[in-house]
Amino acid sequence: MMEPLDAIRSYVLNPDGRGLHLRQLAEVMGDSERSPELAGHRGMQEAKVAAAATVISRFIHLVWGLAGPEEYAPRTYEMLLRLRDRMRGMDDGQTWHYALTHLGRDIRQRLARAARLTIDPELETALVHAFFDDLQDHEYLHDVAETIMDLHWQRWHGPEALEFEQMGPNRNGVTSRGEVEIERHLKRVALESLATYVEQENIARGNIEEPTDPTIVFRDRLDIQAGLGAKDARTWEESARRIADQVERRFGTSAARRQARSARLGWKAVAETSD
């Protein structure tokens with residue numbers, strides 16, 4: 001586990017242009033931990049920044065597993081922007097420092113809460129029946145799951161899979177929708193990838209105590225509608241497509257889901273060493 005953590009930590013300390021906020025975050029977290037008697041001792045200050053970078057790397061690995069900076073750098077930046085926007089009306093420098101301070105404190109709290117959890121390796125089983133049941137309460141999940149099935153077939157099994165060279169080595173040709181075997185496979189992919197998305201997004205946003213809460217999908221769909229400027233059938237359908245696209249791209253392969261599951265099983269061990 002230490003190799004991916006070391007890679008993340010190295011990036012946090014020496015990021016490229018898209019990850020400069022992570023270095024800033026480490027500096028603010030390190031500064032908040034520095035004792036007054038150590039002020040002015042640059043070597044000690046750098047040690048504090050390095051220690052903060054270790055905490056940040058553990059959080060990133062907790063949430064995004066083996067994903068690279070192309071994934072976690074913009075996602076953490078979005079988290080900071082949301083925090084900054086809470087404090088509109090203040091000086092830009094003050095709002096940005098508020099966001100960095102708040103996220104740093106939140107990261108430590110999330111890791112501490114994760115250390116107290118008993119992780120169930122089959123955590124997604126709490127969700128799978130809800131995605132395709134007949135309850136009206138879960139209607140907002142149904143079309144997302146069905147769209148994931150459509151996208152996965154198009155990208156990995158249908159004619160477009162040949163065009164994009166994504167067809168696996170054991171597949172001899174294009175499969176047709178409606179066949180029992182392919183429909184069973186598509187349903188399993190949709191269930192597992194959507195469950196993984198729900199868990200990952202809940203953890204990323206601080207809802208560690210209830211990582212199987214599917215209402216995060218409903219809230220995301222409403223946010224997408226708001227961004228599109230209307231709440232109607234067209235924007236509701238578009239919200240399902242956008243979320244399904246994100247879910248399928250992130251967790252549409254068994255390897256991606258295994259990595260996410262492995263990261264979940266490592267939450268407790270990782271978090272216990274964060275202090």
Could you tell me whether Glu199 is modelled with pLDDT under 90, assigned by TED's automatic domain parsing to the domain that holds His138 and crowded, with 21+ Cβ neighbours inside 10 Å? yes
Matching option when the condition is under 27 Å from Ala256 (Cα atoms) and surrounded by 13 or more Cβ atoms within 10 Å (Cβ to Cβ), among Leu228, Leu194: Leu194
Got a number for residues in region 150-159 being at pLDDT 90 or above and in contact with an Asp or Glu (Cβ under 8 Å, 6 or more places away or on another chain)? 2
What are the pairs with Cβ atoms under 8 angstrom where one residue, in region 43-59, is closer than 15 Å to Thr101 by Cα and the other, located anywhere, is among the small types (Gly, Ala, Ser) and at pLDDT below 85? Sequence gap at least six, or different chains. Val55/Ser274
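The values are calculated or read from the model by the stated rules, or taken from the named source; none is laboratory data. Everything numeric in this text was worked out from a predicted model, so none of it was measured. Ideal geometry is used to build each Cβ from the backbone, glycine not excepted, and the neighbour counts take in all protein chains shown.
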